[in-house]
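Engineer: Here it is, the structure in full.
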Amino acid sequence: MTPTFSIRRLVEQALHSGLLTPEIEQGINAELTRLGYLPIGDSEALELLMYEMDEGRIRLVPGLGAYGEPLQQTVIG
């Protein structure tokens, strides 16, 4: 099987933009599903993405709800 670099490219997009968008997240999930396994280089890229998110350098962009409506944020106040 020839190696692909799709997951690493998607992670690079998130790192450069500072945002993990629903499109990037869906692309990563689709590629993992297609491959059926996680290649070593891609696992390292995903670890870096998670680390950067934990450090607050990458923001998670909320997606749409089940019916295409924006997810509502609960305001506690």
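The values are calculated or read from the model by the stated rules, or taken from the named source; none is laboratory data. Fair warning: this is a prediction, and the values are worked out from it, not measured in the lab. In this analysis, Cβ positions are derived from the backbone assuming ideal geometry, glycine residues included, and neighbour counts consider all displayed protein chains. Side chains included, ligands, DNA and RNA excluded: accessible areas come from the protein's heavy atoms. Shrake-Rupley method; radii C 1.70, N 1.55, O 1.52, S 1.80 Å.
Engineer: Taking the range 15-40 on its own, how many of its residues are open to solvent by 30 Å² or more (accessible area, probe 1.4 Å), of a type in the set (A, V, I, L, M), assigned to a helix (DSSP H, G or I) and under 20 Å from Asp54 (Cα atoms)?
Structural biologist: Looking only at that region, the number is 1.
Engineer: A further question on this structure: Being touching a residue at least 12 places away in the same chain (Cβ under 8 Å) and of a type in the set (A, V, I, L, M, F, W, C) is the filter here, so list the residues in the range 23-37 that pass it.
Structural biologist: Ile24, Ile28, Leu32, Leu35
Residues checked against (1) open to solvent by 30 Å² or more (accessible area, probe 1.4 Å); (2) at pLDDT 95 or above; (3) aromatic (Phe, Trp, Tyr):
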residue	(1), (2), (3)
Gln13	yes, yes, no
Glu55	yes, yes, no
Ile58	no, yes, no
Gly68	yes, no, no
Thr74	yes, no, no
